[in-house]
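The values are calculated or read from the model by the stated rules, or taken from the named source; none is laboratory data. Since the structure is predicted, the reported quantities are computational estimates derived from the model, not experimental observations. No Cβ is skipped: glycine too gets one built from the backbone with ideal geometry, and neighbour counts run over all protein chains shown.
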Amino acid sequence: MADPPPKIRLITGPDELLVARKAEEMLAAERQAQGELEVTDVRARELGEEGLPDIRTPSLFGAPKAVVIRDAHQLPATHADELRAALDGPVEALVLLLAEPSERIKRLAAAIKAWGGRTDVAPPRDFEDAEWRALIKKEVERHGRTADAEAIDALFQRAGTEPSAIAEKVAQVAAGAPAGRLNAAQVRELTEGQGNRGAFAVVDAVANRNPEEALRLLRGALAAGEEAFGILGALAHRLRAIVAVAAGIDPKAIDLRISPGQAGFLKGKRRNFAPGELTRAMRILADADAEMKGGDLPPELVLERAVLAIADPGGERTPRRVVPDVARTG
């Protein structure tokens, strides 16, 4: 039988919400095993001269103890060394360290990993729709609710691939919908006018060469508070990735991280562009960036013209055709 994980565990990942959710799962499992749990929850920067919470002494009330230290990558070296030394000693409390990837606690992280206590948490990749829907389903269950497949899909369409947006939308629907299984109509009613998958949905529609869908999603994203420059950046990132895969360039050479699965996905998008169209698209984005920063037109209008110019397989006709429509929308 494998040894149980140590009392001191490290949960690390780039998304603070997902790291926190994993900690909640571990605490829930501990409560189920122990019956009750006395929890101390602090942030690393709050640990001053008094040092770490006591993790060696049993609770005065006899209840098992747990200590959650958030932003553990900000731990002072003395505290990190103390925890590392405690790994091979008796520890009464379950200690969960929540951290972003960091070199600052490298020795502590390596020691915890060697003991089998490190858990790495990462969000699904932007094209892994099934994994995002599974994440949404778990978030719904956190609120004691269930949702049918159409409701999960509607939440995905509203929140997109941003864990904090998913948590916000699910909480909103769970609080506002009547008792019972959530459905798509309730999701649409309670999130009306709040955008549709944000920048990622716009990027997907552009890469699929669907100008009407791209325009609809872009206006929804802007209305929901997405920044025009953020959407432009997401689009530039996606096009750079498509170009890198198409040209056989090592992604790391241009500061991109592309997995084998994602490379196959991007190759599929590459087939949507005729020869020369990707070069033209990158030029359109560069011109749009310059105009958004120093031109007279609103950045949203400049972005809309660029999105349509790239998404429309008809090419250069697009900006001239859509400008009057943009003007009418105010």
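There is no residue in the range 212-226 that is surrounded by 13 or more Cβ atoms within 10 Å (Cβ to Cβ), modelled with pLDDT of 90 or more, not in a helix (DSSP H, G or I) and not assigned by TED's automatic domain parsing to the domain that holds residue 160.
Within the range 189-200, restricting attention to residues that are over 21 Å from residue 282 (Cβ atoms) and in contact with a Gly (Cβ under 7 Å, 6 or more places away or on another chain), which residue is modelled with the highest pLDDT? So, considering only residues that are over 21 Å from residue 282 (Cβ atoms) and in contact with a Gly (Cβ under 7 Å, 6 or more places away or on another chain), the one modelled with the highest pLDDT is 190.
Flag: residue 92 matches the condition of being modelled with pLDDT under 90 and surrounded by 13 or more Cβ atoms within 10 Å (Cβ to Cβ). Residue pairs whose Cβ atoms lie under 6 Å apart, sitting 6 or more positions apart in sequence or on different chains, and linking a residue in the range 225-248 that is farther than 21 Å from residue 293 by Cα to a partner that is of a type in the set (Lys, Arg), are 242/269; 242/270; 245/267; 246/270. Of all the criteria given as (1) more than 23 Å from residue 113 (Cβ to Cβ); (2) hydrophobic (A, V, I, L, M, F, W, C); (3) crowded, with 19+ Cβ neighbours inside 10 Å, the one not satisfied by residue 75 is (1).
Let's see how each residue does on (1) closer than 30 Å to residue 87 by Cβ; (2) modelled with pLDDT under 95; (3) aliphatic (A, V, I, L, M):
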residue	(1), (2), (3)
105	yes, yes, yes
114	yes, yes, yes
123	yes, yes, no
126	no, yes, no
129	no, yes, no
134	no, no, yes
143	no, yes, no
146	no, no, no
150	no, yes, no
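When restricted to residues that are outside any helix (DSSP H, G or I) and closer than 16 Å to residue 20 by Cα, the range 125-175 contains 2. Looking at residue 28, is it surrounded by fewer than 14 Cβ atoms within 10 Å (Cβ to Cβ), out of contact with any helix residue (DSSP H, G or I) (no Cβ under 7 Å at 6 or more places or on another chain) and part of a helix (DSSP H, G or I)? Yes. If you go through the range 95-137 and keep only what is among the aliphatic types (A, V, I, L, M), buried (at least 17 other Cβ atoms within 10 Å of the Cβ) and closer than 24 Å to residue 66 by Cβ, you end up with 95, 96, 97, 98, 99, 105, 108, 109, 111, 112, 121. Of 234, 274, 286, 244, all but one fail to be exposed (fewer than 14 other Cβ atoms within 10 Å of the Cβ), of a type in the set (A, V, I, L, M) and not in a loop (DSSP other than H, G, I, E, B); the exception is 286.
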